[in-house]
Amino acid sequence: MRDYVEIGVGREARRTYHLHNVAIVPSRRTRSSQDVDTTWHIDAYTFGIPVMSHPTDSLASPEFVIEMDRQGGLGVINAEGLWGRQADLEGAISQVVESVMSGDELDFTGARAIALLQKLHAAPIDEDLLAERIGEVRASGATVAVRVSPQRARELAPMVIKAGAELLVIQGTMISAEHVATGGEPLNLKEFIGSLDVPVIAGGVADYTTAMHLMRTGAAGVIVGGGTNTNEFALGIEVPMATAIADVAAARREYLDETGGRYVHIIADGEIENSGDVAKAIACGADAVVLGTPLAPAAEAPGRGTFWPAVAAHPRFPRGIVQTPQSYEVEDKEPPSLEVILHGPTTEPFGVQNIIGGLRRSMAKCGYTDLKSFQKVNLSVE
């Protein structure tokens, strides 16, 4: 039963839960982590681990996306980022990284870096340059996933698919099944997705109703949450991820019955900073997760430890900061490889490295050997 509280006369609010509010409860049976299968299947694609990278230039160089594939995950390219705007991609990212440090002080708000990102993103998208870089990833044999915003999906999707995109990610911090704009033609996702030859992952959503609408558009996957952003401060919008994932999982069950067996994958994007958060997200009902800041310290990440979400470069109202993850700020410390962050081995005890190893052990200690069955594990609330 949903829990509503009165916050004033005639005004109620639903009590919801973040991932840090819930805990996984082990059962009487345990298993060996060697027997755990973390394989994730979506549409015709199979991944060894249930992990997507956030579509930001601070993570996604061609080399990083190829390495993500090698490690079993899915690297996501931002079609509206610097890939198609700056011929010297490495140089442009280096400018942003270096702008975080000015003199002897870190720019904790990221204002200087955001201003630079806005300037770099003011350059028009060179479709030939973007297609060339997407083609480089495709030629490596890695699965190619490309993100476009709902506002530019109609314009950019055909081009990136022609260039080699195998999975299209239509993602905003919050999305609906139909984007309506006064004076413009609305984007009807059901019609749009139906016109494409590749599977679509769409999001983010935060509630049962919107998730059900997105599932009915034909999306292969639905993203829950808005990722790393400042919507809580800038818009007053915050997604309580444990509740949101559970609500969307309920919509999936109903949609599964409604369609006679069409399964839509749930991908959690938000509040996920370590292996414990990954395990909790899947326990709440997610099939996979999006990782942003946890992957930023990887030696293969072009941001060299600095991270910013895609929305940080918005020209009028940025909703993300440019930050250096705490775990990276250690003098003379060699950055860990992406392999170490995802698969270990590690000496770090808080779950920010060997993330998949942590997930495997959580599943094993609760007696589960696959991701789908782990969604049935018992949970407790603080």
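The values are calculated or read from the model by the stated rules, or taken from the named source; none is laboratory data. Small disclaimer: the values here were computed from a predicted structure and weren't measured. Counting neighbours? That spans all protein chains shown, and the Cβs are built from the backbone with ideal geometry, glycine included. These area figures cover heavy atoms from the full protein model, side chains too; ligands, DNA and RNA do not enter into them. Shrake-Rupley method; radii C 1.70, N 1.55, O 1.52, S 1.80 Å.
For the stretch 249-268, name all the residues that are farther than 17 Å from residue 378 by Cα, among the hydrophobic types (A, V, I, L, M, F, W, C) and surrounded by fewer than 18 Cβ atoms within 10 Å (Cβ to Cβ).
We begin by selecting, within the stretch 249-268, every residue farther than 17 Å from residue 378 by Cα; these are 251-268.
Add one more test, that the residue is among the hydrophobic types (A, V, I, L, M, F, W, C), and what stays is 251, 256, 264, 266-268.
Passing the criteria: only 256.
Return the pair list, or none, for Cβ contacts closer than 9 Å from residues in the stretch 78-106 that are outside any loop (DSSP other than H, G, I, E, B) to residues that are at pLDDT below 90 and hydroxyl-bearing (Ser, Thr, Tyr), at least 6 apart or on different chains.
97/324; 100/324; 101/324; 106/324
Identify, by number, the condition in (1) assigned to a loop (DSSP other than H, G, I, E, B); (2) surrounded by fewer than 16 Cβ atoms within 10 Å (Cβ to Cβ); (3) out of contact with any Lys or Arg (no Cβ under 7 Å at 6 or more places or on another chain) that residue 30 doesn't meet.
Here residue 30 clears every test but (3).
Which members of the stretch 279-302 meet the condition of being among the charged types (D, E, K, R) and at positive phi?
none
Give the stretch 190-212 a look and list any residue that's closer than 18 Å to residue 151 by Cβ and not aliphatic (A, V, I, L, M), or say none.
Correct list: 190, 191, 192, 195, 203, 204, 210.
Consider residue 20 against the criteria (1) in a strand (DSSP E or B); (2) open to solvent by 20 Å² or more (accessible area, probe 1.4 Å): it satisfies all of them except one. Which criterion is unmet?
Just one mismatch for residue 20, condition (1).
Going through the stretch 269-279 one residue at a time, which ones are under 13 Å from residue 225 (Cβ atoms) and either touching a Phe, Trp or Tyr at 6+ places or on another chain (Cβ under 7 Å) or assigned to a helix (DSSP H, G or I) (or both)?
Within the stretch 269-279, 277 is the sole residue that qualifies.
Take the residues of the stretch 165-184 that are assigned to a loop (DSSP other than H, G, I, E, B) and at pLDDT below 70: which is nearest to residue 140 (Cα to Cα)? Show your work before the answer.
Looking only at the stretch 165-184, we keep the residues that are assigned to a loop (DSSP other than H, G, I, E, B), and these are 165-166, 172-177, 180-184.
After this cut, where a residue has to be at pLDDT below 70 as well, the list is 177, 180-184.
Details: 177: 34, 180: 39, 181: 39, 182: 43, 183: 43, 184: 39 Å.
It comes out as 177.
What are the residue pairs meeting all of these: first residue in the stretch 1-21, first residue under 26 Å from residue 227 (Cβ atoms) and at pLDDT 90 or above, second residue in a strand (DSSP E or B) and not β-branched (Val, Ile, Thr), Cβ atoms under 8 Å, and 6 or more apart or on different chains?
Final answer for the pair search is 13/4; 14/4; 15/4.
Suppose we keep only residues that are buried (at least 19 other Cβ atoms within 10 Å of the Cβ) and hydroxyl-bearing (Ser, Thr, Tyr) within the stretch 340-380. Which one would you say is farthest from the chain's Cα centre (by Cα)?
368
In the stretch 217-245, how many are part of a loop (DSSP other than H, G, I, E, B), surrounded by fewer than 18 Cβ atoms within 10 Å (Cβ to Cβ) and of a type in the set (A, V, I, L, M, F, W, C)?
The total comes to 2.
What residue, among those in the stretch 112-155 that are of a type in the set (S, T, N, Q) and outside any helix (DSSP H, G or I), is most open to solvent (accessible area, probe 1.4 Å)?
By that ranking, first place goes to 140.
Do we find that residue 271 is within 12 Å of the chain's Cα centre (by Cα) and either surrounded by fewer than 24 Cβ atoms within 10 Å (Cβ to Cβ) or acidic (Asp, Glu) (or both) in this structure?
Judged against the criteria, residue 271 is a match.
Specify the residue that is nearest to residue 56 (Cα to Cα); the eligible residues are those in the stretch 321-339 that are surrounded by 20 or more Cβ atoms within 10 Å (Cβ to Cβ) and modelled with pLDDT of 90 or more.
338
Give the residues of the stretch 110-144 that are of a type outside the set (D, E, K, R), more than 18 Å from residue 315 (Cβ to Cβ) and in contact (Cβ under 8 Å) with a residue 60 or more places away in the chain, sorted by residue number.
Those that are of a type outside the set (D, E, K, R), more than 18 Å from residue 315 (Cβ to Cβ) and in contact (Cβ under 8 Å) with a residue 60 or more places away in the chain: 137, 140, 141, 142, 143, 144.
Restricting attention to the stretch 342-359, which residues are assigned to a loop (DSSP other than H, G, I, E, B) and in contact with a Pro (Cβ under 7 Å, 6 or more places away or on another chain)?
Within the stretch 342-359, 352, 353, 354 meet the criteria.
If you scan the stretch 33-56, which residues turn out to be touching a Lys or Arg at 6+ places or on another chain (Cβ under 8 Å) and either open to solvent by 50 Å² or more (accessible area, probe 1.4 Å) or assigned to a strand (DSSP E or B) (or both)?
none
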